[in-house]
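No value in this document is a laboratory result; all are computed from the given coordinates. Remember, predicted model here, so these are calculated numbers, not experimental data. Cβ: placed from backbone, ideal geometry, glycine included. Neighbour counts: every protein chain shown.
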Amino acid sequence: MKSKNHMKKLVTTLLICGQFMITTQMFGQTTPIEERHAVCGTVSPGVKWEEQFQKQIESFKEERAAHGASSAVITIPVIVHILYKTGQAVGNTPNISAAQVKSQIDFLNEMMAGTDPNKSSLPSAFKSLDGGNTNIQFCLALRDAKGNTLTEPGIERIDLTKKGWSDPSTFTTFDQITGLFDDKVKPATIWDPEKYLNFWTGDFTTKSYYLGYAAFPMGTDLIGLDPADVGTTTAQTDGVVMGSNVFGCKALYANGYYYTEPYIYGVTSAHEVGHWLGLRHISGDEVCGDDYCGDTPVQSGGNKNCANGLNWGCPSYPFQANKCGSGKSPNGEMFQNYMDYSDDKCRSLFTKDQVTRIQTTMAKGERRKTLGTHGLCDNNIAPTATFSADKTSGCGSLTVQFKDESQGTPTSWSWDFGDGSAASTQQNPSHTYAAAGNYDVKLTATNQYGSTPVTKSKFITVGAGSIYTPVKGGPATNTEVGAGAAGTVVRGLLFDVVNPCILQSVKVYATGAGDRTIEVLTGVGGTSVAKKTVTLPDGESRAALGFDLPKGSYFITVSTGTINLYRNTAGAKFPYAIADLINITQTDYKDTDPNYYYYFYDWEVRKSGCDVSNGIDNEKYEDAAVQVYPNPSKGDLTITLPSVASSTDVCIYTIIGENIYKMDAVNNNNKTLTVDLSAQPNGIYFVSVKSGNVITTRKFAIAK
Ligand SMILES: [Zn+2]
């Protein structure tokens, strides 16, 4: 029933139905199963939302009149986030089976296609109003948004116990349900709502009597309106929440986890998806209210004491004809509509006007108009290649462990390491870069449907020289500093990095084995620069850190967990200098007692970058006959080679490892190379001659 002149604010809660039942319970009456009536918790948006939506409907109708009704079916990928508790096995528990999920989507698709078998009992007066096929279908997603194949199509199982979330099976109120789902579960687990319909199932129906609730669509024009008028659906809360035991169709899959009659045939899903696509309850949430559909009869409701103009049970047709006024509903109330509360088997249609609202939402609604399969329900997709490495920079000869992270189930791989070496077909190869330089790395991942390569430009940087020899400093042992015992408070040491360096490790003394998180901050209470959780044995051990630290002032501490590390309460003699790299200046307890020392002993530190003073490698890899002159050069450089082996590369690098010259000496058949470097700025450079396994490096300067 439609009455534009009587648009009212329709923010309505449906607690009346629910409270009726809970009150019955509270008075201790034994409520027969068949008298337990459950409700939907969806809160409809207000009148401003409806005003905008009506404009969109008019616009949609104009487009439909101009271009003809589209018969294209939009298929929307579904992800069902199944909440369960630790110990609940897949199957006959809230951890519902894939077969139960499939039964729900299959029957939802029947209802959306207008082929619900229960239509056979529709009276002819309502058959003529049947909207038939909505042209909306749902498919269980085969892939996540990154293209990874799902173990179970359309299903993500979430152990709520491990997440520390409340147990919904204890819930008795709607606030508890939304408190769990809208505040915690949805923001933590939602998949891109522009690509998926997110369902969440939780075991809350049995005590709360709530079947589910849905997020209404936002319209593009609605953003910026008062949330009280338009609802509060966001990209973090979009989707449909349903009781675990009403998500499924017992007629299609009998052995699942089901609530009691009459809610076990999967019709709740059509009702909630109806809301998600812009439909209100058929009553407009009040007695003789307005759902803004001209072909749904106005209804007074109240069957089996249901409030808000809705009906429970399954009345006899015609039901309450003209109860809202003479001539207003000559065929009675349409309790057969999915947007009423009547029994699952009693409902079987959306009307034509309801289907128009649904299609308007799909054409214009925010986070609805983008929906389509995006290939997420298709099997025949080429993989998307991507990868990572255990390190991307180093000195001299650098061995890198690569890791394939391609999405979309590749079956073969081809790696181009960028240094001219043969391609690898391993999934996770290890490769050694023998010479300094910046290297592009390309991975091609392939399956039967094709391949998509990815190239990471200058992904690996190898500097000439070798890593600097680590040095140690600070108090070598806990006894060097003086008296002390295990400390249990978050305290630490202030220090300066004088030259960029890597804090490789520190010695600690633990009282009790376990994890400690060691963190470097920009100061006490500052921002985190580096952080690592280490598992320590009881007693003395060395914690490997690998913190790469630029010049600056820092604070190192144990930031989380049990501390129980030895510290000194006397005898500290700051500062402690570690070569020309680090200066440990004080503790954060200095104002109370400057003689304390906290937690970290015998620091192992090495300078950042590569040490070129001794050449790239040790002497056995040096060919003394390689000569480079003049040095310093004014721009012209001559390189003489003792021999030209079958594979001899000559490269010139800047001091930061940038390759500015490369030649294959064999192909140039030349034992003496003359190189013009006049365009290069003054500075220190390196010539690297790689002949077979022998690498020779010569340092020279350009001084013009
Ligand atoms: Zn509802």
In sequence order, calculated HN-Hα J values of region 435-442 (Karplus, 6.51, -1.76, 1.60; Hz; x Gly/Pro): 10, 5, x, 10, 10, 7, 10, 10
Scaled to the compact-protein estimate 2.2 N^0.38 Å, what is the alpha-carbon radius of gyration of region 469-608, rounded to two decimal places? 0.93
Report the Stokes-Einstein translational diffusion coefficient (µm² s⁻¹, integer) for the chain, Rh taken as the Kirkwood radius over Cα pairs, at 37 °C with viscosity 0.692 mPa s. 105 µm²/s
Out of all Cα-Cα pairs in region 387-463, roughly what percent, to the nearest whole number, are more than 18 Å apart? 34 percent
Looking at the chain, send over the antiparallel percent of its DSSP beta bridges, to the nearest 5. 80 percent
Asserting the computed 222 nm helical MRE of the chain (DSSP H runs at least 4 long, -39500 (n - 2.57) per run, divided by residue count, to nearest 500) equals -4000 deg cm²/dmol
Least to most buried among Ser393, Ser553 (fewest other Cβ within 10 Å first): Ser553, Ser393
Please order Leu277, Leu545 by the number of other Cβ within 10 Å, starting at the fewest. Leu545, Leu277
Note to self: Kirkwood Rh of region 622-702, Cα pairs, one decimal, Å, is 12.5 Å
Determine the alpha carbon to alpha carbon distance for each of Lys304/Lys345; Lys551/Lys590; Lys85/Lys184 and list only those over 21 Å. Lys551/Lys590
Would you calculate the separation in nanometres between label points at Asp496 and Lys573, each defined as 7 Å from the Cα along the Cα-to-beta-carbon direction? 2.1 nm
So which of Lys163/Lys532; Lys162/Lys607; Lys48/Lys102; Lys403/Lys532; Lys48/Lys369 end up more than 32 Å apart by C-alpha? Lys162/Lys607; Lys48/Lys102
Rounded to the nearest 0.05, what FRET efficiency do Lys704 and Ala476 have when you use their Cβ-Cβ distance and R0 = 60 Å? 0.75
Amide hydrogen neighbours beyond the local backbone of Leu493, cut-off 5 Å, H modeled: Ile556
How much of the calculated P(r) for region 116-166 lies past 13 Å, in percent of all Cα pairs? 75 percent
Crossing angle, helix 267-276 versus the chain [Cα axis fit, 0-90 degrees, rounded to tens]: 70 degrees
Any idea what angle helix 98-112 forms with the longest principal axis of the chain, computed on alpha-carbon atoms, 0 to 90 degrees, nearest 10? 50 degrees
Cα gyration tensor shape of region 139-293, rounded if a/c is under 1.5, else prolate or oblate by comparing a/b with b/c: rounded
Two-site label geometry, Thr432 and Ser121: point separation in nm, points 7 Å out along Cα→Cβ: 7.8 nm
Quick one: 3J(HN,Hα) in Hz for region 253-265, Karplus 6.51/-1.76/1.60 with θ = phi - 60°, rounded, Gly and Pro as x. 9, 7, 8, x, 9, 10, 6, 7, 3, x, 9, 10, 10
Using Cβ counts within 10 Å as a stand-in for footprinting exposure, how do Glu519, Glu540 rank, fewest first? Glu540, Glu519
Once amide hydrogens are built 1.01 Å from N within the peptide plane, the residues lying 5 or more places from Thr351 or on another chain with amide H under 5 Å from its amide H are Gly131
Output wanted: per-residue J couplings in Hz (rounded whole) for region 144-161, from phi through Karplus 6.51 cos²θ - 1.76 cosθ + 1.60, θ = phi - 60°, x for Gly and Pro. 7, 5, 8, x, 6, 6, 7, 4, 10, x, x, 10, 10, 9, 10, 7, 5, 4
Can you list the residues, at least 5 places off or on another chain, whose amide H is less than 5 Å from the amide H of Ser342, using H built in the peptide plane? Asn311
On a full-extension model of 0.36 nm per residue, what is the gain between Ser128 and Met663, subtracting their alpha-carbon distance, rounded to one decimal in nm? 184.4 nm
Normalised by the residues of region 469-608, what does the relative contact order come to in percent, with Cα pairs under 8 Å and at least six apart? 43 percent
Counting other Cβ atoms within 10 Å, keep those with at most 13, restrict to DSSP loop, and tell me which trypsin sites (Lys or Arg not before Pro) in region 351-447 are left. Lys391
Dipole magnitude of region 421-544 about its Cα centre (Cβ charges: Lys, Arg +1; Asp, Glu -1), debye to nearest 20: 260 debye
Quick one: helix 47-67 against the long Cα principal axis of the chain, what's the angle to the nearest 10°, folded into 0 to 90? 90 degrees
Can you tell me how region 311-444 classifies by the Cα gyration tensor, rounded, prolate or oblate, using a/c under 1.5 as the rounded cut? prolate
Once you have the Cα-Cα distance between Thr260 and Glu63, take 0.36 nm times their residue separation minus that, and quote the gain in nm to one decimal. 66.5 nm
Region 585-602 and region 350-375 have their Cα centres apart by a whole-number Å value of 65 Å
